[in-house]
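Right, one structure below, let's go through it.
The values are calculated or read from the model by the stated rules, or taken from the named source; none is laboratory data. Owing to the predicted nature of the structure, the values given are computational and were not obtained by experimental measurement. Cβ sites come from the backbone with ideal geometry, for glycine too, and all protein chains shown count toward neighbours. The area values use the complete protein model at the heavy-atom level, side chains included, leaving out ligands, DNA and RNA. Shrake-Rupley method; radii C 1.70, N 1.55, O 1.52, S 1.80 Å.
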Amino acid sequence: MTQYILTRKDGAIGHVVFNKPEKMNAICLEMWKGMGDAMAAFEADDEVRVVVFSGAGGKAFVAGADVGKYEDERGDKASQERYAKTGEDALQAIYRSKKVTIAAIDGYCIGGGVSVALVCDLRYCSAQSSFGQPAMNIGIGYRYSSLRRMVDIIGYGASKDMLLGGLRFDAQEAFSKGLVGRVLPNEEFQPWIDKTVRNISIGAPLTAEDIKFTLWTYAQDEASRDTDRCEELFQICYASDDYKEGVRAFAEKRKPVFTGK
């Protein structure tokens, strides 16, 4: 792991914190690697049901890439390919995770920060947050997988506005374009995130896996869709002890206790 990626576990909740506040949590190769390692550890932990991403310092989620390290980390074709693969592996680890993933965005979410947010299942932000992709100012490129994820979420026009037009979206604009699901007043943001994460963490994990995989399948090219697995996960839910527990708890007017079985 790395000092720039902090992790902790609170019961069923895993936390990944971008920890370079002196640079607004700007991402470098070491952080991409740490992000992938953190997700691998949480993915292997059956107790963890939710993983929350946040930024240290109270000013930024991730304010882009650490451009000062580009010469060392992306200075030639081989190193650039290594950087790109490490970053994409980390993003795919989040995107394909069975855990519910949440981007808790408080402040700047720029460049790589947007890329991380887009692979999370849920994205919520404080009112002080802003979003941008200044690719045209740096001369970097994007692979198909990254741009497809953006278009899938915010649409073709908004993607061009952000990438080609260099437009910065404030929190309300991000909400209107579907980039975030809710905007919270700054002082209410963290308590609301904590409550929401706790509620999700006690939800039915088999249902979460079914929903995540089925929606992920829908986002793939039609020829690549594993709809048989979607049906299998659907049937697993209704054959599970968790389904029986959910029905009993509803009838008994109590909170269900789900075990993932």
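Per-residue surface analysis assigns R96 an accessible area of about 120 Å², computed on protein heavy atoms at 1.4 Å probe radius.
What separates the Cα centres of the stretch 185-241 and the stretch 59-85 is a distance of 32 Å. For the chain, the longest principal axis of the C-alpha atoms and the axis of helix 205-218 are separated by about 50°. For the stretch 92-207, the antiparallel share of DSSP beta bridges with both residues in that region comes to about 15%. In the context of the full set of protein chains, the chain has a per residue accessible area of 52 Å² (1.4 Å probe). Using Cβ point charges alone (K and R +1, D and E -1), the dipole size of the stretch 21-165 about the Cα centre works out to roughly 420 debye. Among the trypsin sites (Lys or Arg not before Pro) in the stretch 15-68, those placed in a DSSP loop whose Cβ has at most 16 other Cβ atoms within 10 Å are K59. Only protein heavy atoms count here; under a 1.4 Å probe, Y243 has an accessible surface of about 100 Å². Accessible area per residue was computed with a 1.4 Å probe on protein heavy atoms; T214 scores about 50 Å².
Using DSSP, restrict attention to beta bridges with both residues in the chain and report what percent are antiparallel, rounded to the nearest 5. Show your work: numbers first, answer last.
Working: 8 of 32 bridges.
Here the share of antiparallel DSSP bridges comes out near 25 percent.
Across the options I94, F234, I153, the greatest Cα extent toward the positive end of the charge dipole of the chain (unit charges at beta carbon of Lys, Arg, Asp, Glu) belongs to I153. Site pair N186 and Q220 shows an inter-label distance of 4.4 nm when each label is modelled 7 Å from Cα along Cα→Cβ. Only Lys, Arg, Asp and Glu carry charge here, each on its Cβ (+1 for the first two, -1 for the last two); on that basis the stretch 83-199 has a dipole of about 460 debye about its Cα centre.
Taking the Cα centre of the chain as origin and assigning +1 to Lys and Arg Cβ atoms and -1 to Asp and Glu Cβ atoms, the resulting dipole is close to 380 debye. Report, for the stretch 1-108, the % of DSSP beta bridges that are antiparallel, rounded to 5. Expressed as a percentage, antiparallel bridges in the stretch 1-108 total about 35.
Where the accessible area of the chain is counted over protein heavy atoms with a 1.4 Å probe, how much of it, in %, is carbon and sulfur? Don't skip to the end; give the middle numbers.
Details: 7320 of 13640 Å².
Carbon and sulfur: 54 percent of the exposed surface of the chain.
Per-residue ellipticity at 222 nm from helix content only, as computed over the chain with -39500 (n - 2.57) for each DSSP H run of at least four residues, stands at -14500 deg cm²/dmol. Which whole-percent values make up P(r) of the stretch 40-168 when all C-alpha to C-alpha distances are grouped in 5 Å steps starting at zero? For the stretch 40-168, the binned pair fractions read 2, 10, 18, 22, 21, 16, 8, 2, 0 percent.
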